[in-house]
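Chemist: Here it is, the structure in full.
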Protein chains: 2
Amino acid sequence: MKFGHFEQHGKTFYGIVEGDQVVELDGSIFDSYKTTSKKHALSALKTLLPCRPANFYCAGINYVAHIEWGNKRKGTNTKPPAKADIGYRSPSALCATGETILIPADSPGPVQYEGELVAVVGKKAKNLTEANALSCILGYTLGNDVSDRGWQASDRTLWRAKNCDNWKPMGPFIATGLDPLALTVKVNLDGKEVSSYTTDKMIFSAQHYIAKITQYTTLWPGDVLWLGVDNATIPDLQDGMVCEVIQDDIGVLRNPVARAKA
Amino acid sequence: MKFGHFEQHGKTFYGIVEGDQVVELDGSIFDSYKTTSKKHALSALKTLLPCRPANFYCAGINYVAHIEWGNKRKGTNTKPPAKADIGYRSPSALCATGETILIPADSPGPVQYEGELVAVVGKKAKNLTEANALSCILGYTLGNDVSDRGWQASDRTLWRAKNCDNWKPMGPFIATGLDPLALTVKVNLDGKEVSSYTTDKMIFSAQHYIAKITQYTTLWPGDVLWLGVDNATIPDLQDGMVCEVIQDDIGVLRNPVARAKA
């Protein structure tokens, strides 16, 4: 099943996506809902951010080939993390599919992008084990983790390097029933594939992260966990490009790129 | 004026605190509200978290005497930050006054606490200047930034060092009309004052942080900005202690401490 969050004529609602049709739901997919008899053409609706997380967790580094690429590119010697220490991003940076990734005029760059699998929490959870970790997950969506590598090097924190407005596109839909370790994620730039990787190569699995997180903090419905990226994603983002993150069951997260005028 | 968020008989509402009385409001202090004719004894109400932020900003290091104390204690040589690079905490860690700061059984410690002034955003804001920065602020509350210094040293991120459940008490109320650079914040442990500092010694002012943040990201109603702590806060937190953060206009943020059994 594939859930989405939609707007039409100023009204917002959750829906189930069936091909090019959307069945309107009454209620919230994070609480309770009923299926209605209303059907819409997907193309007639505005696709919103699928959820608005209270807590935005991000694995950051979670694939070996991506670390090796970064080391080669920057002449660094970053090792794979020894423990699943989760990081954070700011929900202020989220935007939906179709919205523009706006690069501030003073961004030193390079501005890079990482197509990630995102686990969406559906149930309040604490003290889960790896064996039952996925019991709290409603489904999976896609995220595009945009970063300015210049600011990442110059600033004490990752605030503007990772969290400028619209630097965290997420969506388009939340697909249920997937195995988070058996998916292929592709990244396109201007319609051409620039990267493809399989999620079985995660250093720490979604299950492992969820078990570790819930040892200390409660997960809440609508929280999201971004699970990292593998491989290189080149070339860097430039004004006018269109970036896509694709997983066949979830859909296409497509966002144009624009650079603000100085 | 002093706003609070309250619960009584399962109903939640915002109110204006007048001495030991609360005037019930109809609506949200972050949107629109009307004063009602209902008055409650403050003691008859449960005081809730004053707001549930979408984005939880935290200055971290923002006072020189606190940096010097940390350096002396740890034998480090941390310099005052050169730029106002904002950090983040996770809203999952927030709790209201009266709730228990629970130390996990495996916390290596020491567990420390920092009584901070917190600016609460009332209006959506982007591209503010220092001169008009405070126009987006509804008022000020207090925060207690609890940290495990062992995990802070051992982990790649601050996740469990700073964001365990209930490690970010915030409240009790939101006071309006204050000058954020002219306040005295006190910290008590078991009823005895252990620290007192004045907010005029901030390295970067609230205004400066807000101007920098809104250059890159939008501030939203209910977002919070924790502004750091000055001086030493000793001794470390132990099971059974009661920690208070106090500012006369805002009130007393009081939280007991308990250590989980292994």
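The values are calculated or read from the model by the stated rules, or taken from the named source; none is laboratory data. Everything numeric in this text was worked out from a predicted model, so none of it was measured. In this analysis, Cβ positions are derived from the backbone assuming ideal geometry, glycine residues included, and neighbour counts consider all displayed protein chains.
To keep it simple, each residue is scored yes or no on (1) at pLDDT below 95; (2) in contact with a strand residue (DSSP E or B) (Cβ under 6 Å, 6 or more places away or on another chain); (3) under 24 Å from A:Trp159 (Cα atoms); (4) within 11 Å of chain B (Cβ to nearest Cβ).
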site	(1), (2), (3), (4)
A:Lys2	no, yes, no, no
A:His9	no, no, no, no
A:Phe13	no, yes, no, no
A:Thr36	no, yes, no, no
A:Arg52	yes, no, yes, yes
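Chemist: How many of the residues in the range B:15-34 are touching a strand residue (DSSP E or B) at 6+ places or on another chain (Cβ under 7 Å) and small (Gly, Ala, Ser)?
Modeler: Here the count works out to 3.
Chemist: Shifting gears a bit: Taking the condition of being more than 25 Å from B:Lys168 (Cβ to Cβ) and touching a Pro at 6+ places or on another chain (Cβ under 7 Å), how many residues in the range B:1-57 meet it?
Modeler: 0
Chemist: When you scan the range A:138-166, how many residues do you find that are without any contact (Cβ under 8 Å) to a residue 24 or more places away in the chain, assigned to a loop (DSSP other than H, G, I, E, B) and in contact with a strand residue (DSSP E or B) (Cβ under 7 Å, 6 or more places away or on another chain)?
Modeler: 1
Chemist: Surrounded by fewer than 18 Cβ atoms within 10 Å (Cβ to Cβ), touching a residue at least 40 places away in the same chain (Cβ under 8 Å) and of a type in the set (A, V, I, L, M, F, W, C), is that true of B:Ala258?
Modeler: When the stated conditions are applied, B:Ala258 passes them.
Chemist: On to the next question. I'd like the full set of residues that are charged (D, E, K, R) and surrounded by 22 or more Cβ atoms within 10 Å (Cβ to Cβ), limited to the range A:139-171. Talk me through it step by step, then tell me what you get.
Modeler: Of the residues in the range A:139-171, the ones charged (D, E, K, R) are A:145, A:148-149, A:155-156, A:160, A:162, A:165, A:168.
A:Asp145, A:Asp148, A:Arg160, A:Lys162, A:Lys168 - these are the residues of the range A:139-171 that are charged (D, E, K, R) and surrounded by 22 or more Cβ atoms within 10 Å (Cβ to Cβ).
Chemist: May I ask you to verify whether B:Ser32 is away from chain A (no Cβ under 14 Å) and of a type in the set (Ser, Thr, Tyr)?
Modeler: Considered against the rule, which asks whether it is away from chain A (no Cβ under 14 Å) and of a type in the set (Ser, Thr, Tyr), B:Ser32 comes out as yes.
Chemist: Please tell me if B:Ile103 is surrounded by 18 or more Cβ atoms within 10 Å (Cβ to Cβ), within 28 Å of B:Asp223 (Cα to Cα), within 19 Å of the chain's Cα centre (by Cα) and more than 10 Å from chain A (Cβ to nearest Cβ). Let's see the steps before the verdict.
Modeler: Working: surrounded by 18 or more Cβ atoms within 10 Å (Cβ to Cβ): yes; within 28 Å of B:Asp223 (Cα to Cα): yes; within 19 Å of the chain's Cα centre (by Cα): yes; more than 10 Å from chain A (Cβ to nearest Cβ): yes.
Taking the combined requirement at face value, the residue satisfies it.
Chemist: Let me ask something else. A:Gly115 - would you say it is outside the structural domain of A:Ala232 (by TED's automatic domain parsing) and either under 20 Å from the mean Cα position of the chain (by Cα) or more than 25 Å from A:Phe204 (Cα to Cα) (or both)?
Modeler: When the stated conditions are applied, A:Gly115 does not pass them.
Chemist: Do you know which residues across the range B:213-231 are among the aliphatic types (A, V, I, L, M), outside any helix (DSSP H, G or I) and either surrounded by fewer than 18 Cβ atoms within 10 Å (Cβ to Cβ) or within 14 Å of another protein chain (Cβ to nearest Cβ) (or both)?
Modeler: B:Leu219, B:Val224, B:Leu225 - these are the residues of the range B:213-231 that are among the aliphatic types (A, V, I, L, M), outside any helix (DSSP H, G or I) and either surrounded by fewer than 18 Cβ atoms within 10 Å (Cβ to Cβ) or within 14 Å of another protein chain (Cβ to nearest Cβ) (or both).
Chemist: When you scan the range A:62-99, how many residues do you find that are acidic (Asp, Glu) and either within 14 Å of another protein chain (Cβ to nearest Cβ) or touching a residue at least 24 places away in the same chain (Cβ under 8 Å) (or both)?
Modeler: Start the filter on the range A:62-99 by keeping residues that are acidic (Asp, Glu), which leaves A:68, A:85, A:99.
Now drop any that are not either within 14 Å of another protein chain (Cβ to nearest Cβ) or touching a residue at least 24 places away in the same chain (Cβ under 8 Å) (or both), which leaves A:85, A:99.
Count: 2.
Chemist: Among A:Ile234, A:Ile210, A:Ile203, which is the only one that is within 14 Å of chain B (Cβ to nearest Cβ) and part of a loop (DSSP other than H, G, I, E, B)?
Modeler: Only one candidate passes the filter, namely A:Ile203.
Chemist: Among the residues of the range B:162-182, count how many are among the polar types (S, T, N, Q) and either in contact with a helix residue (DSSP H, G or I) (Cβ under 6 Å, 6 or more places away or on another chain) or more than 14 Å from chain A (Cβ to nearest Cβ) (or both). Walk me through how you get there before you give the answer.
Modeler: Pass one, the range B:162-182, residues among the polar types (S, T, N, Q): B:163, B:166, B:176.
Those still in the list that are either in contact with a helix residue (DSSP H, G or I) (Cβ under 6 Å, 6 or more places away or on another chain) or more than 14 Å from chain A (Cβ to nearest Cβ) (or both) too: B:163, B:176.
Qualifying residue count, the range B:162-182: 2.
Chemist: Among what's in the range A:23-50 and is among the aliphatic types (A, V, I, L, M) and more than 22 Å from the chain's Cα centre (by Cα), pick the residue that is surrounded by the most Cβ atoms within 10 Å (Cβ to Cβ). Break it down into steps so the answer makes sense when it comes.
Modeler: So in the range A:23-50, the residues among the aliphatic types (A, V, I, L, M) come out as A:23, A:25, A:29, A:41-42, A:44-45, A:48-49.
Those still in the list that are more than 22 Å from the chain's Cα centre (by Cα) too: A:23, A:25, A:41, A:44.
Details: A:Val23: 15, A:Leu25: 20, A:Ala41: 9, A:Ala44: 11.
So the residue we want is A:Leu25.
Chemist: Could I ask something else about it? Out of the range A:11-47, which residues are touching a residue at least 60 places away in the same chain (Cβ under 8 Å) and over 23 Å from A:Lys124 (Cβ atoms)? Give the derivation first.
Modeler: Here is the first cut: in the range A:11-47, the residues touching a residue at least 60 places away in the same chain (Cβ under 8 Å) are A:17, A:29-31, A:47.
Within the range A:11-47, A:Val17, A:Thr47 meet the criteria.
Chemist: Counting only residues that are over 28 Å from B:Ala211 (Cβ atoms), give me the strands (runs of 3 or more DSSP E) lying completely in the range B:28-130 with at least 3 of them.
Modeler: In the range B:28-130, B:33-41, B:101-103 are the strands (runs of 3 or more DSSP E) which contain 3 or more residues that are over 28 Å from B:Ala211 (Cβ atoms).
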